[in-house]
Every structure is written in C-alpha cells, then in structure tokens.
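J.: Below: one structure in structure tokens.
The values are calculated or read from the model by the stated rules, or taken from the named source; none is laboratory data. Just so it is clear, the model here is predicted, and its values are computed rather than measured. Backbone-built Cβ (ideal geometry, glycine too); neighbour counts: all protein chains shown. The protein model used for the area step is the full one, side chains on, heavy atoms only, and it has no ligands, DNA or RNA in it. Shrake-Rupley method; radii C 1.70, N 1.55, O 1.52, S 1.80 Å.
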Amino acid sequence: MITKVFMPKLSDAMETGKVIKWLKKEGDAIKGGDVIAEIETDKANVEIEAFGTGVLRKIVIGEGGQVPVGDLIGVIADPAEDISSLAAAPAKPAPAAPAAPAPRPAAASAAEPSAGPLPAMESYQSVPATTAVVPMASAAAASAQPAGGRIKASPLARKIAGQTGVDLRLIQGTGPGGRIIRADVEAVRTAPLPAVAAPPAAAAAARPQAVPARPAFVVPPRPEAEYEDVPMSAMRAAIAKRMPMSKAPVPHFYVTSEADMDAAWALREQLNGLDGQPKISVTDMVVKGAALALRKNPGVNAQLNGQAIRVHHRAHIGIAVALDQGLITPVLRDCDIKPLGRIAVESRDLAERARGGKLRAQEISGATFSISNLGMFDVEEFSAIINPPEGAILAVGSVLQKPVVDGGEIRIGRRMKMTISCDHRVMDGAMGARYLQDLKRLLEEPLRLLV
C-alpha cells in the first residue's frame with residue numbers, strides 16, 4: 001500500500017514548511033511511528049513520523065526545500081509497488097533567502113557628497129566664537145556661491161559647518177555641480193590664520209576679553225557599521241504576524257495577585273533534598289497549581305469557538321520557552337492529574353528539546369492555557385499576550401524576599417506576583433479573580449499540589 005508523506009499543517013498560522021533534513025534515506029525500511037524527517041515550521045523544528053509501513057521509495061522534496069502545507073514531500077511503499085506517477089513529481093527548490101544588506105561604513109568617504117552615517121567626531125571640534133575663520137579659497141571662489149540663492153551643500157557638510165562656525169557662502173564646492181562636500185568644509189576649517197596687526201593698546205583694553213572655549217568631546221573612530229538589518233527567522237516572522245491578530249482583536253483584561261511563597265519554597269527545598277527524586281522548580285509548582293485551579297474554574301479553561309464558548313475539561317498547559325530566534329510554547333498535557341515529579345521531568349525534557357529543535361508535531365499544539373515565567377530574569381511583574389485560540393495566559397514573576405506584615409509584626413518573607421491575561425469575550429473579571437484566588441491558595445498550601 002502506498003503512503004504519501006505530505007508537508008503537515010502543524011499550527012493554525014502555518015502556510016509553508018521547510019525540510020531541514022531527512023532522517024531516513026531512500027531504500028530504508030519504515031515502520032509506522034518511525035521518525036523520518038525534521039521540518040521547520042513557523043514555530044519550531046519538528047520531527048514528523050511515518051503513518052505507513054514499507055520502504056522510503058522516494059524523497060520528493062530534498063533537504064532545504066520549502067513547500068506549501070499539503071504538498072507531497074515523500075513516498076512510502078512496498079518495494080514492488082509502482083510509484084512512477086508519484087516519483088515523477090518535481091522537487092520544489094527552497095526559495096532564496098533574502099540577502100542581508102551590506103554593512104554601511106561608519107564614516108563617509110572624503111569624496112562622498114552624501115549623507116551617510118556621521119564620521120568620527122574629531123572632525124567636529126568647536127571653534128571659539130572670537131576666532132576668525134579664513135577660507136583657503138580665493139575671493140573669486142567665494143563669489144561662486146550665489147549671494148541670495150540656495151547654497152548647494154551636502155547634509156553632512158552643512159552639519160559640520162554649523163558645528164564649527166564655517167560660513168558656507170565663502171566656500172567653493174568641489175563636489176558634483178559645485179556642491180560643497182565634507183572635505184571642502186574641513187579644508188577651510190583647518191586653514192592657517194593670516195597674520196594680523198596688533199590693535200592699539202587702548203582698543204585692546206576696551207574690548208571685552210573672550211571666554212576660553214571648553215574643549216570639545218571627541219568620539220574616537222568607530223569602524224563598525226552604525227546598524228544592521230537582520231532577516232527574520234521563520235519563527236520571528238510568524239510571531240510578528242500573529243501577535244497583532246491576538247492583541248488587536250482580542251479584548252484583554254488583566255488581574256494581578258501576590259502569593260506568599262514561604263511554604264512552597266520550603267517544600268521545594270525538602271523535595272529537592274530527597275535522593276533519586278526529580279528536581280522541582282517554581283515553574284513546575286505553578287504549572288501543577290494552575291492546572292488544579294483550572295479544574296475548579298473551567299470557565300477560564302475556555303476559548304471562543306465561533307458563536308460558542310468551548311470549555312475544556314482537561315488541562316493542557318503551554319509552557320513558554322525563550323529561544324534565540326523567538327518564543328515557543330511546547331504543551332504539557334493532562335497536568336491536572338500528573339504528579340508534580342512527573343510534571344518536573346516532562347517540562348524539563350520539553351524545554352531541552354525545544355531549544356534543540358527536537359519537538360514532535362503533537363507537542364507544539366493543543367494547549368488550553370499557557371504560562372510564561374520571567375522570574376529567572378529578575379522580573380517582578382509583567383503582562384503576557386494571549387496565544388490564540390486560548391482564552392487566557394498566566395504571567396509569573398520572581399520569588400522575591402521583601403518585608404511583609406505578619407500578625408502585626410514586620411518580617412522578611414518570600415512573595416511572587418502573578419498576572420492573568422483574559423479574553424473578555426470568554427470570561428469576566430470576577431472569573432479571572434476567582435481563578436487567581438484559588439491558585440494563590442494552592443501555592444500557599446503547597447501540600448495540596450502533592451495530592
């Protein structure tokens with residue numbers, strides 16, 4: 001039986017996919033469930049599995065090829081089956097990546113008329129207001145600039161002249177069409193002053209003394225380019241496309257609460273001190289607590305679905321993982337019934353494989369609720385943007401030690417702020433507040449996370 005391997009649609013926004021590499025080669029035996037290729041989607045690099053058994057008879061789209069979702073990329077069949085009609089399908093080459101723009105030099109050439117990035121500031125040293133500036137150009141040259149007309153000069157030349165006090169009307173331009181360029185202004189500014197007769201002693205005494213000019217700050221030469229245009233990765237392009245689709249049409253509202261983390265912190269240290277047990281993070285405890293709170297508040301575990309509200313009865317938590325090229329939220333399923341230790345093991349495995357581009361297709365979709373924790377970056381509090389089609393996302397800050405009032409006395413305690421972003425079309429403020437109240441209670445009585 002012939003099994004066609006198509007470019008899968010792995011997210012709502014995915015339109016094309018790129019074959020990163022084939023993990024099987026033509027002629028290899030394939031069983032259902034074998035990982036056969038690695039695909040780059042708009043979210044991550046994902047390994048895809050075979051749905052049929054046989055031999056990988058034909059790789060239609062080679063490594064580096066990018067094709068629309070649903071296009072044929074390979075054929076699995078028995079060795080004796082005729083696949084000539086499928087094998088003739090032409091491989092589609094990957095589209096050419098946009099060329100990165102060449103870096104522009106930090107300083108314009110002396111012969112340039114133009115307005116590129118500014119040169120080093122040693123060319124801009126100020127001239128005291130009492131110092132006469134005498135151009136090297138002759139009087140005939142000075143007359144080359146029209147008395148009442150517009151002076152032809154590059155923007156850079158005008159800038160330097162304005163900073164150094166040079167009169168552009170006295171300069172003969174050497175640029176195209178007599179245009180004054182940077183070199184012309186610098187030549188005038190560095191020209192030696194002519195000898196002048198000393199004024200009579202009485203006139204000198206009557207003239208106010210010039211205040212010495214402060215030396216100008218000189219920026220050393222900077223050879224690096226002033227800026228660089230970096231092409232978007234596929235993930236960053238997808239984020240740029242989807243975030244306006246979330247923030248603009250989805251009416252967000254935000255509810256913030258602060259949890260007492262003293263007991264949770266102490267329990268975590270006890271659990272992590274046990275030999276042979278998985279290490280528990282604060283995020284793991286928040287994931288478990290968030291899932292249990294969703295079970296009690298199903299209206300928060302919901303999303304808009306056309307003219308209906310779809311309420312989920314299982315807590316599949318998307319955990320935001322920061323990558324160099326963007327953000328991905330691998331999904332940890334059934335967190336409301338998994339033990340805390342199991343959540344710790346699976347969440348760490350998902351995060352590591354997300355950073356290595358080794359996630360499976362089913363691990364990047366299907367979340368009913370997401371959590372973004374920036375506590376490890378010393379962020380006390382923030383608001384996250386909902387990831388459609390989900391109805392809410394929880395933003396978690398650092399666990400901070402701060403003065404707290406306890407029984408009328410001030411002591412040092414551990415506190416953590418959490419902010420839930422909710423889709424106002426699906427739920428109201430009181431629902432979000434009740435959810436945070438229940439989550440806070442679970443974290444402040446952390447033994448409930450072990451039940």
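J.: Using only the alpha-carbon atoms of region 389-441 as identical scatterers, what base-10 log of I(q)/I(0) does the Debye formula give at q = 0.13, 0.17, 0.24, 0.30 Å⁻¹?
T.: -0.45, -0.66, -0.94, -1.14
J.: Rounded to the nearest whole Å², what accessible area per residue is found for region 1-63 with the 1.4 Å probe?
T.: Spelled out: the 1.4 Å probe surface of region 1-63, per residue, equals 47 Å².
J.: Cross-link candidates for LYS417: which lysines have Cα within less than 19 Å, leaving aside residues fewer than 8 places away along the same chain?
T.: List returned: LYS288, LYS402, LYS440.
J.: Here's a follow-up. For region 271-328, just the Cα set please: Rg and Dmax, both in angstrom.
T.: 15.8, 52
J.: Using bins 10 angstrom wide from zero, how does P(r) for region 334-451 break down, in % of all Cα pairs?
T.: Binned Cα distances yield the sequence 11, 32, 40, 14, 3, 0.
J.: Which net charge results when you count Lys and Arg as +1 and Asp and Glu as -1 among the other residues whose beta-carbon is under 13 Å from that of LEU450?
T.: Around LEU450, the surrounding residues sum to +3.
J.: Using a 1.4 Å probe over the heavy atoms of the protein chains, calculate the carbon and sulfur portion of the accessible area of region 1-44 as a whole percent.
T.: 51
J.: Report the local net charge at GLU26: Lys and Arg +1, Asp and Glu -1, summed over other residues whose C-beta lies under 10 Å from its C-beta.
T.: +3
J.: Could you give the size of the charge dipole of region 277-360 about its Cα centre, using +1 on the Cβ of each K and R and -1 on the Cβ of each D and E, expressed in debye and rounded to the nearest 20?
T.: That gives a dipole near 200 debye.
J.: Could you do me a favour and compute the accessible area per residue for region 338-401, 1.4 Å probe, result in Å²?
T.: For region 338-401, the solvent-accessible area averages 42 Å² per residue.
J.: Quick check: at a probe of 1.4 Å, how many percent of the accessible area of region 287-383 sits on carbon and sulfur atoms?
T.: 50
J.: Taking every pair of Cα atoms in region 266-415, average 1/r, invert it to obtain the Kirkwood radius, and report Rg/Rh to two decimals.
T.: In region 266-415, Rg relative to Rh is 1.00.
J.: Further question: Per the Kirkwood definition applied to all pairs of different Cα atoms, how many angstroms is the hydrodynamic radius of region 305-390?
T.: Taking the inverse mean of 1/r over all distinct Cα pairs, region 305-390 comes out at 14.1 Å.
J.: Apply the Karplus curve 6.51 cos²θ - 1.76 cosθ + 1.60, θ = phi - 60°, to the phi angles in region 38-52 and return the couplings in whole Hz, x for Gly and Pro.
T.: Calculated HN-Hα couplings, in order: 10, 10, 9, 10, 6, 10, 6, 7, 10, 7, 10, 9, 7, 9, x Hz.
J.: Which of the lysines could be linked to LYS24 by a straight reach, that is with a Cα gap under 24 Å, when you skip same-chain ones fewer than 8 residues away?
T.: Candidates past the 8-residue exclusion: LYS4, LYS9, LYS43, LYS58, LYS92, LYS358.
J.: Seen from all sides and averaged, what is the projected area of the convex hull of the Cα atoms in region 2-90, in nm²?
T.: For region 2-90, the mean projected area of the Cα convex hull comes to 5.1 nm².
J.: Can you tally the net charge around GLU47? Count Lys and Arg as +1, Asp and Glu as -1, for every other residue whose Cβ sits under 13 Å from the Cβ of GLU47.
T.: My count for the surroundings of GLU47 gives 0.
J.: Leaving out ligands, DNA and RNA but keeping every protein chain, what accessible area does LYS440 have, in Å² rounded to the nearest 10, with a 1.4 Å probe?
T.: 60
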